[in-house]
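These notes are about the structure you will find just below.
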Amino acid sequence: MNDVTSRPPLPDHLSVDPRSPHHVAAVFEHEVGIRLNDKELTNVEEYCVSEGWVKVPAGKTLDRKGNPLLIKLKGKVEAFYR
């Protein structure tokens, strides 16, 4: 099994986008899971545990720069390693 001590602690605010100041590359070397209101989500782009929100893509809609258009969902957020 994987050594749990080698995993970095999960930050309070994390983004998938490498251009974001909230992107931590070391965390993405491991598989991260997100639960919103006790339901596991697989398409989370960004989350904040303390503020209680996640950002997910709004279907196939893209913004003018070609990035997915994100919507914010609020609730109880839990981040964990799988």
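What follows is calculated from the coordinates using simple rules that are stated; it is not laboratory data. If you're wondering where the values come from, they're calculated on a predicted model, not measured in any experiment. Backbone-built Cβ (ideal geometry, glycine too); neighbour counts: all protein chains shown.
Restricting region 29-69 to residues that are within 14 Å of TYR81 (Cβ to Cβ) and loosely packed, with under 13 Cβ neighbours inside 10 Å, which is farthest from the chain's Cα centre (by Cα)?
Checking each candidate, the answer is GLU29.
Can you give me the number of residues within region 31-75 that are assigned to a loop (DSSP other than H, G, I, E, B), among the basic types (Lys, Arg) and touching a strand residue (DSSP E or B) at 6+ places or on another chain (Cβ under 7 Å)? Give the steps one after another, and end with the answer.
Step one: of region 31-75, the residues assigned to a loop (DSSP other than H, G, I, E, B) are 31, 37-38, 42-45, 49-52, 63-67, 75.
Okay, now just the ones that are also among the basic types (Lys, Arg), so 64-65.
From what's left, touching a strand residue (DSSP E or B) at 6+ places or on another chain (Cβ under 7 Å): none.
Going through region 31-75 one residue at a time, the tally reaches 0.
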